[in-house]
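Enquirer: Take this structure first; my questions come after.
A short reminder: the numbers here are calculations on the coordinates, not readings from a lab. Just so we're clear, the structure is a prediction, and the values are computed from it rather than from any experiment. In this analysis, Cβ positions are derived from the backbone assuming ideal geometry, glycine residues included, and neighbour counts consider all displayed protein chains.
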Amino acid sequence: MNAALIYLLLLKATMTSFAGMGSLPQIRQDFVQTRAAITDQQLSQAVLAGRATIGPMGAYVVAVGYLAGGWSGAIAGWLAMITPALLAIPLLSIIRRWHHLPRLRAAVDGVVIASAVLLVGSGVTLAIDAIQQLSRLNA
Amino acid sequence: MTPDPSEQSTGLRVDGPSLRELVAAVAFEANRTIGGGNVSIELLRRRFTSRGWMDATTHGLFIAVSRFTPGTVVLAYCVSLGFRYQGWPGALLALTLASVPGALIVFGLSVTFTQIEPYAIARALLAIGILVAGGLVVLSAWHLIRPYLHIGSRWRASVVVIITVALVVAGATPVRVLLAAALVSCLIPMRDEKP
C-alpha cells in the first residue's frame, strides 16, 4: 500500500478522534473492511504493540502503517499521529478566547462520548478475535 | 518567584523553562510510563508546577486545548507546552520527543510480532495479549466517558450514547457518527449543566 495513501487514511482517522485509541473504529473500517490492507488479527497486534509501549497510546497507528506498507508506512503512521497535534498552536489562542462558550464545549463533549461508544465496539471486536484465535489453536 | 505582571492579563506565566529544560522535562516525563497520555500529562504537570514554571490556570488552558485538538491528547498537550514557553522550536521538539521513542518501540514490536507469528506458542501468547488489549480498549472507553456520568452531564451523555449506538447499528461511518454526536450534543438544552 502506498505510503501517501496510508498517511491520508491514518490522518483521516487521527483528525476525527479525540483520544489515542479513538481512531481505531475508522482505521478498522478503512484498512480492514474497505481496503483489506491488513487483517483484524494484524490490527489487534498493532493495538497490542501500542498498549505495550511507553508514551501515547495513539502510537499504535505506527504499527498499522508498518503492517500496511512496511517501514515507509510506519513513517507515514508516525506523521499521521503527530500532525493533528500541531493544531494545538492555533487552538491555544482560539480557546483562550472562546472556551467559555457552552455550545463549543458541548460539541466536543459529544465527540468524546461518541468516541467512547465506538471504542467499546472496537474492544469487543478485538476480544472476539482473540478468543477465535485461541479456539483455532486448541482445535 | 515574583509574580509576572503579564500573568494577570493573560493567565499565563512567561518565566518558563529554557529550551534545554523543556526538552529534558518532556523527554523524561512523557516516556516513562505505559499508562497512556493522562499519566504523562499528570507527570508533566507535577514537574512544571514544582519548578514554578506553570500555574493551575495555565495547566487548565493546556488541558482544554489538548481536549479540543484532534488526535492524541498528550501530544497536543506537549505542543501547547512547548509553543507557550519556547515558540515553534519548543513545540516541534516537544512533539518529537514525546512521540518518537514510543513510535520506535511500537515499530520494533510490530516487526517482532510478524516474525514470531508462525510459531503456535507465539500465536497463543499473542492471542492472550490481544484479549488483554481488547479489555484495555474497553477500559479506555470507560475512562473517556466516566467524567460525563456525573449528575449534570448524565442527560447529555445518555442522549449521545443512544444516538451513537443507533447510528452504528444503522451502518453509519465513524466520521458521520462523530459529526452527528457533536451536532446533537450542541443542540441539547443546557438546562442540566452546572454553571
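Enquirer: For residue A:98 and residue A:128, what is the calculated FRET efficiency with R₀ set at 51 Å and r taken between the beta-carbons, to the nearest 0.05?
Expert: For residue A:98 and residue A:128, the calculated efficiency is 0.75.
Enquirer: Translational diffusion coefficient of chain A at 20 °C, 1.002 mPa s, Stokes-Einstein with Kirkwood Rh over Cα pairs, in µm²/s as a whole number.
Expert: 134 µm²/s
Enquirer: Residue B:170 to residue B:111: extension gain in nm, 0.36 nm per residue of separation minus the Cα-Cα distance?
Expert: Net length gain for the segment: 17.5 nm.
Enquirer: Give the distance, in whole Å, between the Cα centre of the range A:70-96 and the Cα centre of the range B:125-158.
Expert: 24 Å
Enquirer: Roughly speaking, what is the centre-to-centre gap between the range A:1-62 and the range B:47-106 when only Cα atoms are used, to the nearest Å?
Expert: Rounded to whole Å, the Cα centres lie 22 Å apart.
Enquirer: Residues with amide H under 5 Å of residue A:18's amide H, sequence separation 5 or more or different chain, H placed in the peptide plane at 1.01 Å from N; which?
Expert: Residues meeting the criterion, in which the H sits 1.01 Å from N, are B:71.
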